[in-house]
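Throughout, read-outs are computed from the coordinates displayed, never taken from laboratory work. For clarity, every value in this text was computed on a predicted model and none was experimentally measured. No Cβ is skipped: glycine too gets one built from the backbone with ideal geometry, and neighbour counts run over all protein chains shown.
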Amino acid sequence: MPDAATIFALSSGRPPVAIAVVRVSGPQAGTALKALTGRIPEQRKAALARVRNPASGEVIDEALVLWFPAPHSETGEDVAELQVHGGQAVIAGVLDALSKIENCRMAEPGEFTRRAFENGKLDLTEVEGLADLIAAETEAQRRQAFRQLKGLIGDRADAWRRRLIEALALVEARIDFSDEADVPENLVEPALHAARQLYDEIAACLADSGRGERLREGLVVAIAGPPNAGKSTLLNRLAQREAAIVSPYPGTTRDVIEVHLDLAGYPVTLLDTAGIRESNDPVEQEGVRRARERAAMADLVLWVTEASAAGEVPQNSAARLSAAEVWWLQNKVDLVPANSKPKSESRTKDWANHSFTMSATTGFGVDQFIAALTAYAQGYFSATESVMVTRARHRRALEKTLAALKRACREGSNGREELIAEELRAAATTLGRLTGRVDVEDILDAIFRDFCIGK
Ligand SMILES: Nc1nc2c(ncn2[C@@H]2O[C@H](COP(=O)(O)OP(=O)(O)OP(=O)(O)O)[C@@H](O)[C@H]2O)c(=O)[nH]1
Ligand SMILES: [Mg+2]
């Protein structure tokens with residue numbers, strides 16, 4: 001049962017700001033609006049009003065006021081919105097006045113959205129899409145979040161679930177009326193046919209190499225290599241700020257340093273790591289361990305060496321990192337005499353997919369490298385327009401659905417109708433959990449906790 005309390009919160013950013021939006025949702029929203037402004041304006045039309053403290057009658061501010069009666073509001077409840085001047089004291093005054101109204105209290109993080117979910121305004125995947133939209137840092141992330149908010153996966157899952165329930169109804173009819181002469185024999189075969197079709201469609205949707213999840217988190221690119229090669233200098237140049245400490249002493253970087261890049265709208269998480277070498281210093285050893293660990297999990301490793309250190313490339317170090325792809329970056333090319341510039345292509349070892357020469361301090365060759373990295377990110381994410389799965393939670397639910405469908409088909413060949421029905425029901429339940437149609441109490445808290453207050 002939805003909580004009967006009326007909730008309110010500052011929904012806009014941290015003051016001081018030009019305009020602050022205070023939202024109120026719940027059965028007392030109209031009462032609250034009347035108490036603060038003296039009247040309820042025409043619905044869905046902005047109106048100018050003086051906001052007063054109901055106890056003292058003192059004017060707090062002049063506001064633009066909006067009124068959205070239930071059920072046609074974001075939460076599905078009565079909603080009032082006050083746009084006031086975004087100063088600390090104004091906001092505090094409005095929130096304080098609201099808190100004095102009976103049954104009104106401050107909202108918890110994500111509570112407005114939770115009410116929208118409980119009132120059927122959004123399904124769970126759309127709630128997640130909304131969270132992602134708020135968190136989106138790049139264009140591609142924003143597009144994916146918006147598609148999800150608009151029901152890309154939710155609508156598809158609902159359609160699958162409806163087809164599953166129809167298939168289930170066929171099998172159940174066969175079970176219930178098996179004694180009656182006029183029930184056709186061939187009810188189970190169409191149901192199994194539908195199950196097989198659904199299996200193929202869901203499996204195709206899962207065969208996306210996890211790109212939707214990656215787009216949320218960013219493509220992970222780790223900079224690794226021997227100490228003093230200029231890894232941190234390169235990170236700083238790419239990040240366009242001094243994120244990592246640079247020094248002429250080998251073994252400077254110890255912790256993994258993370259910066260977020262936006263390459264042509266695609267998110268890349270760039271990691272700077274400790275130079276990899278044998279060391280007796282326990283702190284450096286730990287740094288090297290972390291460097292190896294993160295590089296091994298990265299989508300792409302940039303193995304940086306000094307260009308002058310020709311032939312000294314630790315052949316196996318890069319390969320042993322076992323990343324999906326390794327690029328060899330020969331840095332400090334400015335220190336190499338002009339007539340002996342390394343011939344990168346011919347020196348590309350079989351562990352490296354590409355090789356570049358550059359100078360992280362002068363910037364020589366860096367633009368070319370950035371262009372290649374951008375193209376790589378674009379290529380990696382190019383197929384994401386149609387990707388539906390954006391979270392591990394979706395993947396797990398769909399995998400469970402697939403497993404149940406598979407079992408249903410297997411029981412089909414054994415002709416055990418009760419077991420077919422049971423598996424189809426299980427498949428429908430896992431799909432229902434994906435959109436939050438069935439028993440999801442346990443996952444709700446985890447999802448809404450990540451929202452900010454006022455959303
Ligand atoms: N001449 C020249 N010097 C560079 C270049 N890149 C980095 N350096 C210098 O090389 C030294 C080491 O640079 P860092 O970026 O700290 O090297 P690192 O690979 O992060 O080193 P560790 O953190 O110790 O593994 C610094 O003195 C940099 O100024 C370059 O392209 N050319
Ligand atoms: Mg460093």
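Quick notes on this structure:
- Projecting the Cα atoms of Ala403, Ala107, Ala136 onto the charge dipole of the chain, computed from C-beta unit charges around the Cα centre, puts Ala136 farthest toward the positive end.
- Arranged from fewest to most other beta-carbon atoms within 10 Å of their beta carbon, Met358, Met388 become Met388, Met358.
- Footprinting exposure proxy for Ser247, Ser232 (fewest neighbouring C-beta atoms within 10 Å first): Ser247, Ser232
- Extension reserve of the Glu62-Arg425 stretch, reckoned as 0.36 nm per residue once the Cα distance is removed: 125.1 nm
- Pairs beyond 30 Å (Cα-Cα), from Lys406/Lys455; Lys100/Lys150; Lys100/Lys455: Lys406/Lys455; Lys100/Lys150
- Signed unit charges on C-beta, dipole axis of the range 6-122, positive-most listed residue Gln43, Ala80, Ser11: Gln43
- Taking all pairs of distinct alpha-carbon atoms in the range 48-139, Kirkwood radius in angstrom: 15.2 Å
- Estimated from helical segments only, the mean residue ellipticity of the chain at 222 nm is -14000 deg cm²/dmol, where each DSSP H run of four or more residues counts as -39500 (n - 2.57).
- DSSP bridge analysis restricted to the chain gives an antiparallel fraction near 60%, rounded to the nearest 5.
- Estimated at 0.36 nm per residue, the fully extended path between Ala18 and Ala92 surpasses their Cα-Cα distance by 25.1 nm.
- Check: the range 62-160 dipole with +1 on Lys, Arg Cβ and -1 on Asp, Glu Cβ, in debye: 180 debye
- Positive end of the dipole of the chain (Cβ unit charges, origin at the Cα centre): among Ala63, Ala191, Ser308, the Cα lying farthest that way belongs to Ser308.
- Divide the volume of the convex hull around the Cα atoms of the chain by the residue count and you get 207 Å³ per residue.
- Charge dipole (debye, nearest 20) of the chain; +1 at Cβ of Lys and Arg, -1 at Cβ of Asp and Glu: 1280 debye
- Under the convention that each Lys and Arg Cβ holds +1 and each Asp and Glu Cβ holds -1, the size of the dipole of the range 6-122 around its Cα centre is about 120 debye.
- Of Arg23, Arg393, the sequence from fewest to most neighbouring Cβ atoms within 10 angstrom is Arg393, Arg23.
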